[in-house]
Amino acid sequence: MSFAKVETLRWIDGRLEMIDQTRLPAVFEYMSYDDAVGVAKGIRDMVVRGAPAIGVAAAFGVALEGLRSVKLEASAFYKALDEAFEVLSKSRPTAVNLFWALQRMRDLLNRVRDKNTREIADILLAEAKRIYEEDIAINKKIGINGASLLSDRARVLTHCNAGALATAGHGTALGVIRSAVELGKSISVYADETRPFLQGARLTAWEMVQEGIPTTLIADNMSGFLMSQGEVDAIIVGTDRVAANGDVANKIGTYMVAVLAKEHGIPFYVACPLSTIDMSVESGADIPIEERSENEVLGYRDIKWAADGVKVRNPAFDVTPARFVTALITEVGIVESPNKSKLEKLFLN
Ligand code: MRU
């Protein structure tokens with residue numbers, strides 16, 4: 001396997017290890033998994049999060065289940081794998097990369113049914129490793145494509161974490177920033193804190209500080225002010241699912257940023273692999289939006305600050321209509337003002 005700078009996931013001694021992103025940056029620790037139920041729980045609890053990373057983890061979850069079931073009779077082996085697909089597909093609803101990766105593993109399984117359980121398990125593991133490696137290569141292409149959009153000394157705002165931690169490596173939105181820096185551009189970053197799970201403060205800030213990319217943390221309610229002061233040149237975010245019409249589902253709060261960007265004439269870019277584009281959903285209205293526990297809004301970890309008895313909503317994602325998206329940055333190129341016919345063309349080759 002190729003080596004990523006931040007090894008969000010790694011395959012060691014027949015087990016999947018994932019950085020526990022619920023504890024970063026205070027604690028840097030890997031969690032270790034040997035079955036699909038464990039990986040599904042890791043996805044649900046957000047030990048691993050970010051659309052492409054969730055897809056990669058799910059592929060390894062299937063592979064782990066195959067490996068631990070090789071000694072079973074064929075029918076029991078297939079039952080174990082069916083259950084693995086089922087539990088993994090229920091782990092989180094919004095990121096389409098999860099379903100994309102599971103479908104890719106399912107299609108492969110269907111093609112190798114004539115083989116014995118040992119051979120099938122090895123084939124599934126090889127495919128999971130391939131998905132991992134492809135993801136890094138794709139992110140590097142996204143990075144190069146997107147870097148051309150950033151001028152030297154650009155001040156770039158990002159929301160949530162679409163970095164190495166959200167992928168197999170390099171990242172999508174942060175991948176564009178990394179690539180621009182690698183190309184010699186001087187880039188500075190504004191990281192939105194990203195309440196309630198704090199992916200910006202905890203994860204994006206951690207990644208950028210590790211690499212010495214100048215980064216300023218702001219609370220989510222500060223970005224409009226900075227835009228109005230002319231302090232933001234571009235916005236780049238990732239996405240969990242792009243609908244056929246170009247609507248973009250991403251971390252809650254993205255929509256507000258996009259609307260403000262339009263008001264201030266600032267380009268709003270969305271970086272994503274083709275596997276995040278879901279041509280089976282017509283518009284953002286059809287994208288399932290995850291609602292998470294009220295505890296995430298009532299406080300953080302063991303600290304609770306909200307008044308007892310208050311009602312809570314916690315939608316984890318929102319939808320930014322395509323009209324607010326300046327361009328999608330993909331591994332096959334930049335799609336300005338995305339719409340259905342432009343997205344369809346991406347899948348013709
Ligand atoms: O709830 P999360 O942390 O999984 O949400 C992650 C995001 O919203 C990311 O922006 C998106 O998955 C793109 S990651 C390259």
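Worth pointing out:
- Among the residues listed as 247, 192, 233, the single one being assigned by TED's automatic domain parsing to the domain that holds residue 302 and either open to solvent by 40 Å² or more (accessible area, probe 1.4 Å) or of a type in the set (Phe, Trp, Tyr) (or both): 233
- Residue check, residue 40 assigned to a helix (DSSP H, G or I), farther than 23 Å from residue 331 by Cβ and over 17 Å from the mean Cα position of the chain (by Cα): no
- Out of 326, 330, one residue alone is crowded, with 16+ Cβ neighbours inside 10 Å and in contact with a Cys (Cβ under 7 Å, 6 or more places away or on another chain). It is 330.
- Taken over region 224-244, the residue count meeting the criterion of being more than 15 Å from the ligand (Cβ to nearest atom) and closer than 20 Å to residue 267 by Cβ is 11.
- Looking only at residues of region 211-223 that are closer than 27 Å to residue 292 by Cβ and open to solvent by 20 Å² or more (accessible area, probe 1.4 Å), we find that the one that is nearest to the ligand (Cβ to nearest atom) is 220.
- Qualifying helices (runs of 4 or more DSSP H) (wholly inside region 92-184; at least 1 residues being open to solvent by 10 Å² or more (accessible area, probe 1.4 Å) and touching a Pro at 6+ places or on another chain (Cβ under 8 Å)): 117-147
- Scanning region 7-57 for residues that are among the acidic types (Asp, Glu) and touching a strand residue (DSSP E or B) at 6+ places or on another chain (Cβ under 8 Å) yields 7, 17, 20, 29, 34.
- When 122, 135 are checked against the criterion of being within 12 Å of the ligand (Cβ to nearest atom) and not assigned by TED's automatic domain parsing to the domain that holds residue 239, a single residue qualifies: 135.
- Where a residue in region 93-111 is of a type in the set (D, E, K, R) and its partner, wherever it lies, is open to solvent by 10 Å² or more (accessible area, probe 1.4 Å), with Cβ under 8 Å and at least six apart: 104/127; 106/85
The values are calculated or read from the model by the stated rules, or taken from the named source; none is laboratory data. Note that this is a predicted model, so its numbers are computed, not measured. Counting neighbours? That spans all protein chains shown, and the Cβs are built from the backbone with ideal geometry, glycine included. These accessible areas exclude ligands, DNA and RNA; they are computed on the full protein's heavy atoms, side chains included. Shrake-Rupley method; radii C 1.70, N 1.55, O 1.52, S 1.80 Å.
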